[in-house]
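Worksheet: one structure, shown below.
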Amino acid sequence: MTSFCGFWAGLIVVDSAVFLLLSLVLVGGVSLRQAVPIKTGLIFLFSLATFLIFARSGKVEWQVGIPMVFGSIGGSLAGAQLAMSDHANQWVYRALQLIVVVEAIRLFI
């Protein structure tokens with residue numbers, strides 16, 4: 001399952017973090033507190049590889065990308081604090097299940 005998530009992240013990237021977190025937590029049995037940093041590290045590696053490919057070919061839009069980096073940093077800080085809260089496991093499991101169901105429905109519509 002995790003190798004499929006890696007393939008998806010390299011090919012399409014869309015929702016790869018959600019699918020990776022889903023596979024780590026629900027399929028792999030990794031706790032949420034362990035899965036979030038693992039997921040973040042793997043997504044960083046996917047993103048770095050993609051960035052280097054696009055930067056090498058001159059396809060990086062720096063005016064758009066730099067503000068997105070700062071937004072991503074803010075979201076990462078908020079997400080990390082949320083993931084480490086006491087009730088995070090319960091609501092993340094529910095949110096992951098809901099996201100997967102919604103995404104599956106969107107694929108077939």
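The values are calculated or read from the model by the stated rules, or taken from the named source; none is laboratory data. Keep in mind the model is a prediction, meaning the values are calculated, not measured. Glycine gets a Cβ as well: all are built from the backbone with ideal geometry, and neighbour counts include every protein chain shown.
All conditions in (1) surrounded by 11 or more Cβ atoms within 10 Å (Cβ to Cβ); (2) within 19 Å of ALA17 (Cα to Cα) hold for PHE70, with the sole exception of (1). Restricting attention to segment 32-49, the residues that are under 18 Å from ARG94 (Cβ atoms) and modelled with pLDDT under 85 total 3. Can you tell me which residue in segment 50-109 is farthest from GLN34 (Cα to Cα), limited to those that are at pLDDT below 90 and of a type in the set (Ser, Thr, Tyr)? The qualifying residue farthest from GLN34 (Cα to Cα) is THR50.
Applying a threshold of 7 Å to beta carbon distances and a minimum spacing of six or more residues, or different chains, the list of pairs starting in segment 93-108 at a residue that is of a type in the set (Asp, Glu) and ending at one that is surrounded by 13 or more Cβ atoms within 10 Å (Cβ to Cβ) reads GLU103/ASP15. Among the residues of segment 10-24, just one is within 19 Å of SER85 (Cα to Cα) and at pLDDT 85 or above, namely LEU24. The set of residues from segment 63-92 being without any contact (Cβ under 8 Å) to a residue 40 or more places away in the chain and of a type in the set (A, V, I, L, M) comprises VAL64, ILE66, MET68, VAL69, ILE73, LEU77, ALA78, LEU82.
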